[in-house]
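Reading through the structure tokens given below for one structure.
The values are calculated or read from the model by the stated rules, or taken from the named source; none is laboratory data. Keep in mind the model is a prediction, meaning the values are calculated, not measured. Neighbour counts are summed over all protein chains in view; Cβ atoms, including those assigned to glycine, are modelled from backbone coordinates with ideal geometry. Just so you know, the surface numbers come from the protein's heavy atoms only, side chains and all, with ligands and any DNA or RNA stripped out. Shrake-Rupley method; radii C 1.70, N 1.55, O 1.52, S 1.80 Å.
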Amino acid sequence: MAGVWDNPEVKQLYAEIEQLQGIIDKRVKENRLEIYNTGDKIHKKQVLFHENGKRIKAIFGGNRTGKTVAGAAEAVCHALGDSRFRPLKPSSGWVVSLSGDVQRKVAQAEILRWLPKKAIANIIMRHGRKDDLEGSLIEEIRLKNGQFIGFKTCEQGRESFQGTSLGWIWFDEEPPEDVFKECWMRVMDTRGDIWFTMTPLLGLTWVYTLVFLNENNNPNIEYWMFEWADNPWLSPEEIEEMEAVMTPEEREARQFGRFTSLCGFAFPELRKDIHIKPVQPVPDWYKRYVSMDYGFDSLAVLWYWIDRFGHARVYRALRKKNLIIADAAKEILKFTGNERIEAFYAPPDLWMRQKDTGKSAAMIFYDHGITLQKASNNRENGWLNVHEW
């Protein structure tokens, strides 16, 4: 073997291989985006996130599921106008963190990791020095293409988010609602993009209503649930170790990225990829039902069908606030249209007579065209039945 390595042609070939490897290593170091989600290991949900063109997107994910990496890569692609996932134009935007410390350790570090150094024209510092970016806070990265990546923190307050027109905003973790609304104003005139990467640790907040439930049926909203099993760089052994030190409640948010209320989530097994299906026509011979709950503070209504095998699917939902019963009935009938409904179910409290009118809510609904049938309000048995179903 020693004689082979002494061969001048072999030596030259080996030298050329080393030189090419050096060029590859340098190129990868200068632009890590070139190897992002390539090769043997690909984070499939990250790819789906980048390919999607909805204006408001969210990744609800646990710790170490790849959500922050995806958020940073998306920001760099927008700023450069360079993405192999979908066409983008160069645009300026903000990276919004909860605090300066979180910005420095998480979002800022990820941006610097994926942003090619050759694309940077200047770095404006908020605190610290340019020669110590890891220990400093960046205010803004100005790019050679004329765009910028700005860094903001929620602790700066809503007023600091006023006045600028932007092409995109990335929220790393859930911001206060007033900060989000102020930021939303910044991308309205540009029809820009907003995305969240967050672990839902705060319960059923405004993000749950706006994005997860999408109560306004906004067609420009989409989300993905990232869990440990989605990250191809986490080994099964490592996942088992992390599972062993967490309670079931902690795992709901930190492993699966699921929203939970402070008193626990009634149906933790609910999953978008299993239980949320594309809208499709309802066959005429399927029996249809409506279940509802009414209060002036909130009307909640579900329309669903049941086939001959006992399978059920909700095909319409309505939630509105501050409606008197007459207006609530009009809304329900408007959405029902000419559909044949087998029964309208409601909880027993709607049959309680009001002292001032002597009528119950059920009677007033009847006066306005909806005959209600009394359902059980035994919550525990109801939950168990739905779990079994």
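Within the range 1-30, being at pLDDT 70 or above and within 22 Å of PRO116 (Cβ to Cβ) holds for no residue. Checking each residue in the range 58-71 for being buried (at least 24 other Cβ atoms within 10 Å of the Cβ) and either farther than 19 Å from GLU238 by Cβ or charged (D, E, K, R) (or both) picks out ALA58, ILE59, PHE60, LYS67, ALA70, GLY71.
The combined condition, being over 30 Å from LYS181 (Cα atoms) and not acidic (Asp, Glu), is not fulfilled by ASN214. Residues of the range 60-90 that are over 21 Å from GLU222 (Cα atoms) and in contact with a strand residue (DSSP E or B) (Cβ under 6 Å, 6 or more places away or on another chain): ALA79 alone. One residue stands out in the range 74-104 among those that are closer than 15 Å to ASP172 by Cβ and among the hydroxyl-bearing types (Ser, Thr, Tyr): the one that is modelled with the lowest pLDDT, namely SER99. Checking ARG191, ARG126 one by one, the residue that is farther than 20 Å from LYS67 by Cα, assigned to a strand (DSSP E or B) and more than 13 Å from the chain's Cα centre (by Cα) is ARG126 and no other. Look at PHE180 and say whether it is part of a strand (DSSP E or B), under 26 Å from the mean Cα position of the chain (by Cα), aromatic (Phe, Trp, Tyr) and surrounded by 21 or more Cβ atoms within 10 Å (Cβ to Cβ). Spelling it out, it is not the case that PHE180 is part of a strand (DSSP E or B), under 26 Å from the mean Cα position of the chain (by Cα), aromatic (Phe, Trp, Tyr) and surrounded by 21 or more Cβ atoms within 10 Å (Cβ to Cβ). Take the residues of the range 198-239 that are part of a loop (DSSP other than H, G, I, E, B) and of a type in the set (A, V, I, L, M): which is farthest from VAL279 (Cα to Cα)? Looking at residues that are part of a loop (DSSP other than H, G, I, E, B) and of a type in the set (A, V, I, L, M), I get LEU234. Count of the range 195-221 residues, restricted to those that are under 24 Å from SER165 (Cβ atoms) and in contact with a Lys or Arg (Cβ under 7 Å, 6 or more places away or on another chain), is 4.
Taking the listed residues LYS130, LYS144, LYS118, the one that is modelled with pLDDT under 95 and either buried (at least 18 other Cβ atoms within 10 Å of the Cβ) or in contact with a Lys or Arg (Cβ under 9 Å, 6 or more places away or on another chain) (or both) is LYS118, with no other qualifying. Restricting the range 147-171 to residues that are open to solvent by less than 10 Å² (accessible area, probe 1.4 Å) and out of contact with any Lys or Arg (no Cβ under 9 Å at 6 or more places or on another chain) leaves a set whose member that is farthest from SER91 (Cα to Cα) is THR153. When we screen GLY93, GLY61, GLY100 for residues that are of a type in the set (Gly, Ala, Ser) and touching a His at 6+ places or on another chain (Cβ under 7 Å), the only hit is GLY93. Restricting attention to the range 90-112, the residues that are over 16 Å from LEU143 (Cβ atoms) and either in a helix (DSSP H, G or I) or free of Cβ contacts under 8 Å to residues at least 12 places away in the same chain (or both) add up to 10. Do we have any residue at all in the range 214-222 that's touching a residue at least 24 places away in the same chain (Cβ under 8 Å), loosely packed, with under 15 Cβ neighbours inside 10 Å, closer than 20 Å to VAL47 by Cα and not charged (D, E, K, R)? There is at least one residue in the range 214-222 that is touching a residue at least 24 places away in the same chain (Cβ under 8 Å), loosely packed, with under 15 Cβ neighbours inside 10 Å, closer than 20 Å to VAL47 by Cα and not charged (D, E, K, R).
Considering only residues in the range 34-50 that are buried (at least 19 other Cβ atoms within 10 Å of the Cβ) and more than 11 Å from GLU74 (Cβ to Cβ), the one that is nearest to the chain's Cα centre (by Cα) turns out to be LYS45.
Here is a yes/no grid of residues against (1) at pLDDT below 80; (2) under 18 Å from GLU174 (Cβ atoms):
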residue: ILE194; (1), (2): no, yes
residue: CYS263; (1), (2): yes, no
residue: ALA266; (1), (2): yes, no
residue: TYR286; (1), (2): no, no
residue: VAL290; (1), (2): no, no
